[in-house]
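Have a look at the structure below before the remarks.
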Amino acid sequence: MPFNDGDFVKVDYSAWRVADSKLIYTTMKKVAEQAGGLDEGDEHEGEKYVPQLIVIGKGNAIKGVEAAVKGMSVGETKKVTLEPRDAFGDRNATLVKVMSVSDFKKRDIDPQPGMQLDIDGSVAVIKSVNSGRVVVDSNHPLAGEKMLYEIKVIEKIDKDEERVKAIAQVYGLAPDSVSISGGNVRVVFGEKTEKDSKYLINKSDFVNAVMRYMDKIAKLTVEEEFSKSKPLEKKES
């Protein structure tokens, strides 16, 4: 049965670049192992192999994948070939710029081909460095590429509390509890959650995502618990 806008759907999927059949991304460890693993620096590096959350109609997946999932049912598997416009977009020549090496030296950066960096708020890749000129490309690395996706719908999440937890998982968070009353959500991150700088960023993204994806939610309260670490007891010799 097809899904509707606003539905929360978890999927397993793998993506290959059609031009050379290279595996670009997968949520499944077995697929990665069969392909000989993913290259260092690929999108999946450092992440666990877990199903991904797609919120239909909210644009948190590429257009072609969301459209495919919307017409599927739980348990169904489908292969789709996506043109660039439905995947990572066509290449845009205006996003390729030439800069001087001095522009990078001012930022204490030694530009090297393949280096990724933030330029004017967008991620760019240095394509070449020659005679004091640096060519940088702000296109997505897969822009202009036709992609093959194999998608399996794992589950549809209906309960709002479970939807909040699913969003938290996207950002590497595991709330101790989630409760909802009316349009108000209360989320507790207990002592087991490490409250480091990464947590602060992920918490902010999590809160924004809940408010963006869940139309019925008007207010979200985050409660945090802290405790001092107990000193280790000295053992008598």
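The values are calculated or read from the model by the stated rules, or taken from the named source; none is laboratory data. Small disclaimer: the values here were computed from a predicted structure and weren't measured. Ideal geometry is used to build each Cβ from the backbone, glycine not excepted, and the neighbour counts take in all protein chains shown.
Values computed for the structure shown
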{"read-out": "Residue in the range 45-68 that is surrounded by the fewest Cβ atoms within 10 Å (Cβ to Cβ), counting only those that are more than 22 Å from residue 205 (Cβ to Cβ) and aliphatic (A, V, I, L, M)", "value": "67"}
{"read-out": "Residue within the range 157-166 that is closer than 30 Å to residue 6 by Cβ, part of a strand (DSSP E or B) and either in contact with a Lys or Arg (Cβ under 9 Å, 6 or more places away or on another chain) or assigned by TED's automatic domain parsing to the domain that holds residue 15 (or both) present", "value": "yes"}
{"read-out": "Flag if residue 174 is touching a residue at least 60 places away in the same chain (Cβ under 8 Å), closer than 27 Å to residue 12 by Cβ and of a type in the set (A, V, I, L, M)", "value": "no"}
{"read-out": "Positions within the range 152-178 being modelled with pLDDT of 95 or more and touching an Asp or Glu at 6+ places or on another chain (Cβ under 7 Å), in sequence order", "value": "152, 153, 154, 156, 178"}
{"read-out": "Meets criteria (under 26 Å from residue 25 (Cα atoms) and surrounded by 19 or more Cβ atoms within 10 Å (Cβ to Cβ)) for residue 167", "value": "yes"}
